[in-house]
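Only one structure is covered here, and it is reproduced in the block below.
Only the coordinates and a few stated rules stand behind these numbers; no lab work does. None of these values were measured; they are calculated from a predicted model. Using ideal geometry, Cβ is built from the backbone for each residue, glycine included, and neighbour counts are taken over all protein chains shown.
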Amino acid sequence: MQQSANSSMLCIGLGIALIIVGCSGRGIQAQLGGRVQWDFETQVGPEWSTDRTVDLGSNKVLGLFNNRNRKYPGGTNLTIADIPPNTSIQVVFDLYFIGDWDSGGELADRWTLKIAGADALIDLTSFDHGWQNGVRVPTTGTRGQVDTGRRTLAYHVVTNKIVIQPDRIGADGKLTLDFMGYLTGQGTEFWALDNVSVTLDGTP
Ligand SMILES: [Ca+2]
Ligand SMILES: [Ca+2]
């Protein structure tokens, strides 16, 4: 059921494929009933504000991200264009927590998904790995390790799923999702994205 396409995108048909308007730079254009998914295994399209990827073994992910380190982008935006009126949008993605994420204390970290210029859809301040109030949390569920050049850091993967209601989408039919991490360490913690999918579900 999966067909490879350009822009690092997989079109997964539910009857209607999605259309990429990559050359215009205005984001992906989608149709009702369709789903678009990015696995970042090939070139990343202009609907993403960064095209940086890294190999985790045989798997590419979008990242790494660290807002405290000039060598890395701090976050990324995904722009979806021409969304029909009264359409809800489901967004699913794998979020890679790399290294020691702190829950609370002076070194507390934070991760958010926002609609650009609006309140956070997801606001994470507590993490199941790394440190909590100065105490190391037993690491469970480690998927692998990342060599950042200076350190080898373990990573965990959490799948997130949200539904954005039609009233959160602008009258211009455009939606910009802002994926952002707020870290305290330049080299001890990073994040990355993979398997991002956007589904237009139609009138809820
Ligand atoms: Ca991938
Ligand atoms: Ca931290």
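Give me the distance between the Cα centres of the range 35-83 and the range 138-174, rounded to whole Å. Using only Cα atoms, the two centres lie 11 Å from each other. Site pair Asp51 and Val163 shows an inter-label distance of 3.6 nm when each label is modelled 7 Å from Cα along Cα→Cβ.
Site pair Ala120 and Tyr182 shows an inter-label distance of 0.6 nm when each label is modelled 7 Å from Cα along Cα→Cβ. In the range 48-130, taking the dipole from charged Cβ atoms about the Cα centre, the farthest positive-side position among Thr125, Asn86, Val54 is held by Val54.
Listed by chain and number, the lysines whose alpha-carbon sits under 19 Å from that of Lys174, ignoring those within fewer than 8 places in the same chain, are Lys114. Here r is the Cβ-Cβ distance between Gln43 and Asp147 and R0 is 30 Å; the resulting FRET efficiency, rounded to 0.05, is 0.80.
Farthest towards the positive end of the charge dipole of the range 49-204, among the residues Gly144, His156, Thr199, is the Cα of Gly144, using unit charges on the Cβ of Lys, Arg, Asp and Glu.
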